[in-house]
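Only one structure is covered here, and it is reproduced in the block below.
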Amino acid sequence: MKKALLEILEQTGSLTLNQIILNLVVAAGIGLCIYISYYFSHTGTIYSKKFNVSLIMLTVLTSMVMTVIGNNVALSLGMVGALSIVRFRTAIKDSRDTAYIFWTIIVGICCGVGDYLVAGIGTTVVFIIMLFFGRIKNDNRILLVIRGGRVDDLKIEGIVFSYFNHKADLKVKNTTRENVEYIYELTKKIYHKSLLENESIIDKLYKVPNVEYVNIVVQNDEISG
């Protein structure tokens, strides 16, 4: 039993130089496809050139690791132990970035074990999906920020709710002894519809004597940490 276990642990891969080069070249080629997919699915400030280049590197590195491990159980256990002490603190700007990281790792594993068919077909399917759905974004959120006097509290609320037909969602209400600040969330559709009115919400609110400012803030996917 002990001898059989030692034989399993001492198994090594018997890849030739040509096979190793082929694994890395295919991984780099598919990594380039992932690079192109990321380029087309991310726009504006959310796009990171460094992260995109890292995707190709991660694909090749994963393939290299799998090529080294091969059928050697001892090496695989050692690799798991080494990776378990590594901590990654890179901030992910977009949830899709996590999917791209998994994509590169899976492709690297497939290329490292020589399963190019699975890597190619899987990459083609994911590439098509991201080509059609990669640019989908959340609807922009429009925030209406109002600061005025507490004596006009009910008057300000009445104007907002009547103007937006009770569809303005109150998110924050900050108060002091003399002032009050509101933050309402509006949908894009409701806000654009309000622009068709003869008098804007801003003009109406500034007719209230103690209103200090009225701000319109648009939040979208471009604003991220």
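The values are calculated or read from the model by the stated rules, or taken from the named source; none is laboratory data. Please read these numbers as outputs of a predicted model, since none were measured by experiment. Backbone-built Cβ (ideal geometry, glycine too); neighbour counts: all protein chains shown.
Odds and ends about this structure:
- Hey, Val145 farther than 30 Å from Tyr206 by Cβ and of a type in the set (Val, Ile, Thr) or not: no
- Residue in segment 26-39 that is surrounded by 13 or more Cβ atoms within 10 Å (Cβ to Cβ), touching an Asp or Glu at 6+ places or on another chain (Cβ under 9 Å), aromatic (Phe, Trp, Tyr) and modelled with pLDDT of 85 or more present: yes
- Taking the conditions (1) at pLDDT 85 or above; (2) assigned by TED's automatic domain parsing to the domain that holds Gln19 in turn, Val113 satisfies each one other than (1).
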